[in-house]
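The values are calculated or read from the model by the stated rules, or taken from the named source; none is laboratory data. Given the structure is predicted, the values throughout are model-derived calculations rather than measurements. Backbone-built Cβ (ideal geometry, glycine too); neighbour counts: all protein chains shown. Protein only, heavy atoms only, side chains kept; ligands, DNA and RNA dropped before computing areas. Shrake-Rupley method; radii C 1.70, N 1.55, O 1.52, S 1.80 Å.
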Amino acid sequence: MKPVNGGGGVEQIIALRQQIVQRNDALQQLQNADSAPKTDAAPAKAPDFSETLSNALDGVNAAQKRSSDMAAAYERGEVTDIAQVMLARQESSVAFEATLQVRNRLLSAYQEIMRMGV
């Protein structure tokens, strides 16, 4: 674990949060581009950190469920393309690994913050 000087852990958390918010905004823009245009709608407020994290975890859960469903369908003989099954499995694995990395960063930053008070 690399020591952080002068509150760098907090800066890392803020930078990580900003990246998550930007990615979430980009995904929302893509989703809104597919839907019908809204008229006289108020601008959407930026989601807070807990909403963003919850959305990301929901996405990882959906990827894992899709992978599990495809593997079960392959075992039943409903899906014959093994490449699709393996791609879904790999996508699920990458999403879960990214979630673990975010958790590790958050935990590390929390521990740094707790050490500052001592």
Give the residue from I82, A56, M70 lying farthest towards the positive end of the charge dipole for the stretch 48-95; charges sit on Cβ (+1 for Lys and Arg, -1 for Asp and Glu) and the dipole is referred to the Cα centre. I82
Quote the charge dipole size of the stretch 44-118 about the Cα centre in Debye, to the nearest 20; the model charges only the Cβ of Lys and Arg (+1) and of Asp and Glu (-1). 260 debye
Scoring only Lys, Arg, Asp and Glu (+1, +1, -1, -1) among other residues with Cβ under 13 Å from the Cβ of A73 yields 0
Could you rank the peptides 84-90, 48-54 by their average count of other C-beta atoms within 10 Å per residue, with the highest value first? 84-90, 48-54
How much accessible area does I82 have with a 1.4 Å probe, in Å² rounded to the nearest 10? 80 Å²
Most to least accessible of Y74, Y110 (protein chains only, probe 1.4 Å): Y110, Y74
